[in-house]
Amino acid sequence: MATKVTFEDAMNRLEEIVRRLEEDRVPLEESIKLYEEGMKIGKKCRKILDDADRRIKELSGKLEEDAAGE
C-alpha cells in the first residue's frame, strides 16, 4: 500500500531537489532525474492545492447558504 505524501513533505523534497540542482557538480544524468522528480512533485502539489481550494469554496458556499437560511 502506498504511503500518502503530505503537501509539506512534498514541498520539503522539492526544496531538496532545487538545492541539489543548484550545486555545480551534479552529473547531467542525475540532474535530469532530479528535474523529472521535481516536475512530478510539483504536479502533485498543484493537485493538492487545487483540491484544497475546491473544498474551501464548497465549505464557504455551504456556510453562506446556512447563513441565508437563518
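This model, with +1 at the C-beta of Lys and Arg and -1 at the C-beta of Asp and Glu, gives the chain a dipole about its Cα centre of some 280 debye. In a fully extended conformation the segment linking residue 67 and residue 32 would gain 7.4 nm over its present Cα-Cα distance, using 0.36 nm per residue. What are the aspartates and glutamates whose alpha-carbon lies under 16 Å from the alpha-carbon of residue 62, with same-chain residues fewer than 8 places away excluded? Answer for residue 62, where 16 Å is the Cα cut-off: 53, 70, listed by chain and number. Just from its helices, what would the mean residue ellipticity at 222 nm be for the chain, if runs of 4 or more DSSP H residues each count -39500 (n - 2.57) and the sum is divided by every residue, rounded to the nearest 500 deg cm²/dmol? Dividing the helical sum by the residues of the chain leaves -30000 deg cm²/dmol. The slack between residue 50 and residue 7, meaning 0.36 nm per residue of separation minus the straight C-alpha distance, is 14.3 nm.
Compute the accessible area per residue over the chain, keeping the other protein chains in place, probe 1.4 Å, unit Å².
Result: 90 Å² of accessible area for each residue.
Within the same chain, aspartates and glutamates fewer than 8 places from residue 33 are excluded, and of the rest, those with a Cα less than 18 Å from its Cα are 15, 16, 22, 23, 24.
The values are calculated or read from the model by the stated rules, or taken from the named source; none is laboratory data. Because the structure is a prediction, the values reported are computed rather than measured. Glycine gets a Cβ as well: all are built from the backbone with ideal geometry, and neighbour counts include every protein chain shown. Just the protein is used for accessible areas: all its heavy atoms, side chains included, with ligands, DNA and RNA removed. Shrake-Rupley method; radii C 1.70, N 1.55, O 1.52, S 1.80 Å.
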